[in-house]
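One structure below.
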Amino acid sequence: MPVIPLFKDNYAKGNWYVNSGHPAWSFSKQDGLVIEATDDEAMLRLEIPESGKATVRQTTFMGDIVWGNPGVLYTVDEYNRIHGETPLNATSLDLIPVAAHHALIIKIPAHSKLKVRKITSLALKDTLSAAVDHMLKRNLKGGIAVIVPSYPSEENRYLCAFVHARVKAYREAGVRCDVICAFDTYESHCTYSFEGVSVTRIPLSTLERALEVGRYKKALIHFFDDRYAPIVKSQLTSHTDFLIWSHCPETMYWDWPVFATPYFQEPATLNAGQIAEFEKRDELVKALNDQENVSWIFVSPFLKERSEKLIGIRFRRSHIIPNVVDEKMFPFSEKDPDLRKRVFVARKFDNVNTYSLDLVAQCIIELSKRPFFSDMEFSIFGEGNYFDELTAPISDFPNVRIEQRFLSRQEIAEEHSKHGIALFPTRWDSQGVSMGEAAMSGLAVVSSSVEAAQLFLPNDCGLLAENIEDPVEYADIIEHLYRDPDYFLLCSKKCHEAAFNTARRELTIRREIQLFR
């Protein structure tokens, strides 16, 4: 084991090493620790000199992504068991148990390069509960809380991105709110900043204490499930009004086989365990519906009506407000007709067939059989556990650009300006914010004739495939746009008008602010 110099102020200057394999990193005292992972992930290790003691540690991991995706900093014991996890540009609190020695491990995904500016890992004298309380009191200012199970970070820019869009718009309207990211899979308590928004990420068991510290008048909950229920029903938070958003799973769980089916499989039937679970959820939703301090927000009329039918309920205090499609972030500009030759796709590549990326691939393969195909370009962006399988059929086409990464909202807007068509087939959606953003920017959005697309895209332009599973129909729509520049320009304007007339700030953010003010 190498000799470790002690760098209490900045462990990034320490003697990092890899245990095996070819080192995928470089080091410079002037530039900090620069790590580049090529075709495989890179894992670097640094022994913590003051090892062995059981301590509460405050760990900070700061750096800049040069390209690709960010790394994560772990605190481990001598058996490599993880006791602390710190995302990039975050500070975390963890109780580190007694061990022979502890170490820090940086894990960098393949095809990524990271410049680490600073790493600190300080032993605190406080108990974990006292340290967490101090963190909560320092970061939670009170008034309004936005509570989510996940939130965008450098690790994943797509997680609840539409909630982030709301929060930024609230701030611009002068409404201050605390973002609390709480879920039972988080072990560490951490804080980080994403695009200027401060986020407090905690285990679900700490959420009630966070609400006590903030003494919130309003708590806005996205992706509510039964794990939040005891907190909402608690007498300790009876001074708080809860606004619960339904984006689909929260109230349409009986349709789970439809919107959670893996690729290339038939929808499963509900088993006895799921039926019993969903019956319990019915009772929970009905009980919350009777609470005077609970209101419900649905992103579309269809979602509310379908939820009421499935549960057998009429929501007492409910509102229909779509997710915002920000016309400031995605401004409309009249398209150059030549942009009809450039097609944009940005999706999650998780193994859930509602994202319909298999249809994207099949559509491109169908277009490759047509004489104008070489005159077109396709740009595909995204990340997920099924990425390789979904992109493999089209990876050899020279005019298909595939990038396995998340785009920031600014990068999405920039890509919109370089493309004329957006391809967003979908088997199921409650709104389709990404396709709405493309429409707001003036892309001609090719999608499927499902309720979400019919509500938020023009129905009279022939852009919505009636046969959702037919790649030929999507290809025919794109060919029509390619061969008729005037039709393309008309569709571009109509898509923008549809997004503007249903989901602009005035119709979404302003109405939400009126609710919780």
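The values are calculated or read from the model by the stated rules, or taken from the named source; none is laboratory data. Bear in mind that the values here come from a model prediction, so they are computed numbers and not experimental data. All Cβ positions, even for glycine, are placed from backbone atoms using ideal geometry, and neighbour counts span all protein chains on display. The accessibility values were calculated without ligands, DNA or RNA, using every heavy atom of the protein model including side chains. Shrake-Rupley method; radii C 1.70, N 1.55, O 1.52, S 1.80 Å.
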Report, to the nearest 10°, how far helix 409-418 tilts away from the longest principal axis of the Cα atoms in the chain, using its own Cα long axis and a range of 0 to 90°.
30 degrees
Checked the range 441-517 with the C-alpha gyration tensor, a ≥ b ≥ c its square-rooted eigenvalues, rounded below a/c of 1.5, otherwise prolate if a/b is larger than b/c and oblate if not; verdict oblate
If you roll a 1.4 Å probe over the heavy atoms of the protein chains, what accessible area per residue do you get for the chain, in Å²?
42 Å²
Calculated from DSSP H runs of 4 or more alone, at -39500 (n - 2.57) each and per residue, what is the 222 nm mean residue ellipticity of the chain, nearest 500?
-8500 deg cm²/dmol
Does the range 251-296 come out rounded, prolate or oblate by the C-alpha gyration tensor, with a ≥ b ≥ c the root eigenvalues, rounded set by a/c under 1.5 and, if not, prolate when a/b is larger than b/c and oblate if not?
oblate
Karplus-derived 3J(HN,Hα) from phi for the range 267-276 (6.51 cos²θ - 1.76 cosθ + 1.60, θ = phi - 60°), whole Hz, x at Gly and Pro, runs x, 7, 8, 5, 8, 4, x, 5, 4, 4
For the chain, which whole percent of the accessible surface, found with a 1.4 angstrom probe, sits on carbon and sulfur atoms?
50 percent
By accessible area (1.4 Å), largest first, 354, 91 order as 91, 354
Once you put a point 7 Å from the Cα of residue 272 and another 7 Å from the Cα of residue 291, both along the Cβ direction, what distance in nm separates them?
3.2 nm
Which shape class applies to the range 337-455: rounded if a/c is under 1.5, otherwise prolate when a/b exceeds b/c and oblate if not, where a ≥ b ≥ c are the square roots of the Cα gyration tensor eigenvalues?
rounded
Tell me which label goes with the value of mean projected area of the Cα convex hull in nm² computed from the coordinates here: (1) 24.1; (2) 25.5; (3) 26.9.
(2)
Any chance you could look up the accessible area of residue 487 with a 1.4 Å probe, heavy atoms only, rounded to 10 Å²?
30 Å²
Can you pull the accessible area of residue 340 for me, 1.4 Å probe, Å² to the nearest 10?
30 Å²
Inter-part gap, Cα centre of the range 39-53 to Cα centre of the range 349-376, in whole angstrom, is 43 Å
If I model a spin label at residue 308 and residue 372 as a point 7 Å from the Cα along the Cα→Cβ vector, what separation in nanometres do I get?
4.5 nm
For residue 472 and residue 82, extending 7 Å from Cα along the Cα-Cβ vector and measuring point to point gives, in nm, a value of 4.8 nm
Sum of side-chain charges, residue 156 neighbourhood, beta-carbon under 13 Å (Lys, Arg +1; Asp, Glu -1)
0
Report the relative contact order of the chain, percent, no decimals, based on alpha-carbon pairs under 8 angstrom and at least 6 residues apart.
11 percent
Counting only C-alpha contacts under 8 Å and six or more residues apart, can you give the relative contact order of the range 285-358 as a whole percent?
25 percent
Angle check, please: helix 485-503 long axis (alpha carbons) against the longest principal axis of the chain (alpha carbons), in degrees 0 to 90, nearest 10.
60 degrees
Exposed loop sites here are GluC sites (Glu not before Pro) in DSSP loop states with at most 10 other C-beta atoms within 10 Å. What is the longest stretch of the chain lacking them?
1-291
Compute the FRET efficiency between residue 515 and residue 408 as 1/(1 + (r/R0)^6), taking r as their Cβ-Cβ distance and R0 = 35 Å, and round to the nearest 0.05.
0.75
Mind checking the angle between helix 128-139 and the chain's longest principal axis? C-alpha axes, 0 to 90 degrees, to the nearest 10.
50 degrees
Coil-residue chymotrypsin sites (Phe, Trp or Tyr not before Pro) of the range 247-310, DSSP, other Cβ within 10 Å capped at 13:
264
Listed residues 131, 120, 92: farthest to the positive end of the dipole of the range 82-135 (Cβ charges)
120
